[in-house]
Amino acid sequence: MGGIGKTTLAQLAFNDAEVMTHFEKKIWVCVSDPFHEVRIAKALLEELEGRAPDLVELQSLAQCLKEKN
């Protein structure tokens, strides 16, 4: 449902100074409908690594994300 402020609320939380103290890394990734886990995982890794990953399976992408923690 569009227009009810979901993105605005997420941006406020993302940029909140107190929230920032709890995390070493912050990544903003747009998620749309339909929700596509592989695309989101690739976007997260691209933000962390500066390049798009060659992986195509969700489990492999999730393992890479875990290792980046």
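The values are calculated or read from the model by the stated rules, or taken from the named source; none is laboratory data. As the structure is a prediction and not an experimental result, all values here were calculated from the model. Don't worry about glycine lacking a Cβ; one is built from the backbone with ideal geometry, like all the others, and counts go over all protein chains shown. Heavy atoms of the whole protein, side chains included, go into the accessibility calculation; ligands, DNA and RNA do not. Shrake-Rupley method; radii C 1.70, N 1.55, O 1.52, S 1.80 Å.
Picking from residues in the range 28-52 that are over 10 Å from the mean Cα position of the chain (by Cα) and modelled with pLDDT under 90, the one that is farthest from T8 (Cα to Cα) is A52. Scanning the range 29-69 for residues that are touching a helix residue (DSSP H, G or I) at 6+ places or on another chain (Cβ under 9 Å), open to solvent by 100 Å² or more (accessible area, probe 1.4 Å) and within 27 Å of M1 (Cβ to Cβ) yields a count of 1. Could you check, for the range 17-27, whether at least one of its residues is modelled with pLDDT of 95 or more, open to solvent by 100 Å² or more (accessible area, probe 1.4 Å), of a type in the set (D, E, K, R) and assigned to a helix (DSSP H, G or I)? Yes, the range 17-27 contains at least one residue that is modelled with pLDDT of 95 or more, open to solvent by 100 Å² or more (accessible area, probe 1.4 Å), of a type in the set (D, E, K, R) and assigned to a helix (DSSP H, G or I). Residue-level analysis places L9 outside the set of residues that are of a type in the set (A, V, I, L, M, F, W, C) and surrounded by 12 or more Cβ atoms within 10 Å (Cβ to Cβ).
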